[in-house]
Amino acid sequence: QVQLVESGGGLVQAGGSLRLSCASSGIISGINFMGWYRQAPGKQRELVATLTSGGSTYYGDSVKGRFAISRDNAKNTVYLQMNSLKPEDTDVYYCAVMVRGIMYWGQGTQVTVSS
């Protein structure tokens, strides 16, 4: 059974940094990509960043140049380094992995950026 556990969220001042982690388990092979999404109450879930199994990355326009996605295969963990945070980055951040076309989600971690 695929499980994703996020950590690293919290409260930070504008201009600060946070690093989110997502530890995965139950995945033997077949990962299409891993990524991070975010969602505010009443809004659609927004793609933040993805990292394919081949190492290609994609970033949403609002985070380009500020966020970076990476992974540690030995730890089965994907990270999201968030720099120059803005109040509009305040959201619940979700880790996601697509395995053989099936999307799995973590439980989410709150990121709050104060002005």
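Mind checking which residues of segment 99-111 are open to solvent by 50 Å² or more (accessible area, probe 1.4 Å) and either touching a Phe, Trp or Tyr at 6+ places or on another chain (Cβ under 6 Å) or assigned to a strand (DSSP E or B) (or both)?
ILE102, MET103, TYR104, TRP105, GLN110
Please enumerate the residues belonging to segment 13-23 that are open to solvent by 20 Å² or more (accessible area, probe 1.4 Å) and touching a Ser or Thr at 6+ places or on another chain (Cβ under 8 Å).
If the condition is that a residue be open to solvent by 20 Å² or more (accessible area, probe 1.4 Å) and touching a Ser or Thr at 6+ places or on another chain (Cβ under 8 Å), then GLN13, ALA14, GLY15, SER17, SER21, ALA23 are the ones that fit.
Listed here are the residues, each with its yes/no results for (1) surrounded by 16 or more Cβ atoms within 10 Å (Cβ to Cβ); (2) touching a residue at least 60 places away in the same chain (Cβ under 8 Å); (3) within 16 Å of TYR93 (Cα to Cα).
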position	(1), (2), (3)
TRP36	yes, yes, yes
GLY42	no, no, yes
GLY54	no, no, no
TYR59	yes, no, yes
SER70	no, no, yes
LYS75	no, no, no
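Would you confirm whether any residue within segment 88-96 is part of a strand (DSSP E or B), in contact with a Lys or Arg (Cβ under 8 Å, 6 or more places away or on another chain), crowded, with 21+ Cβ neighbours inside 10 Å and charged (D, E, K, R)?
Yes, segment 88-96 has at least one match.
If you go through segment 81-99, how many residues are over 11 Å from the mean Cα position of the chain (by Cα), of a type outside the set (Asp, Glu) and within 13 Å of VAL12 (Cβ to Cβ)?
6
Filter segment 64-100 down to the residues that are of a type in the set (Phe, Trp, Tyr) and touching a Leu at 6+ places or on another chain (Cβ under 8 Å), then identify the one that is farthest from LEU47 (Cα to Cα).
TYR79
The values are calculated or read from the model by the stated rules, or taken from the named source; none is laboratory data. It should be emphasised that the depicted structure is a prediction, and the values quoted were computed from it without experimental measurement. Counting neighbours? That spans all protein chains shown, and the Cβs are built from the backbone with ideal geometry, glycine included. We work out accessible area using only protein heavy atoms, side chains counted, and drop any ligands, DNA or RNA first. Shrake-Rupley method; radii C 1.70, N 1.55, O 1.52, S 1.80 Å.
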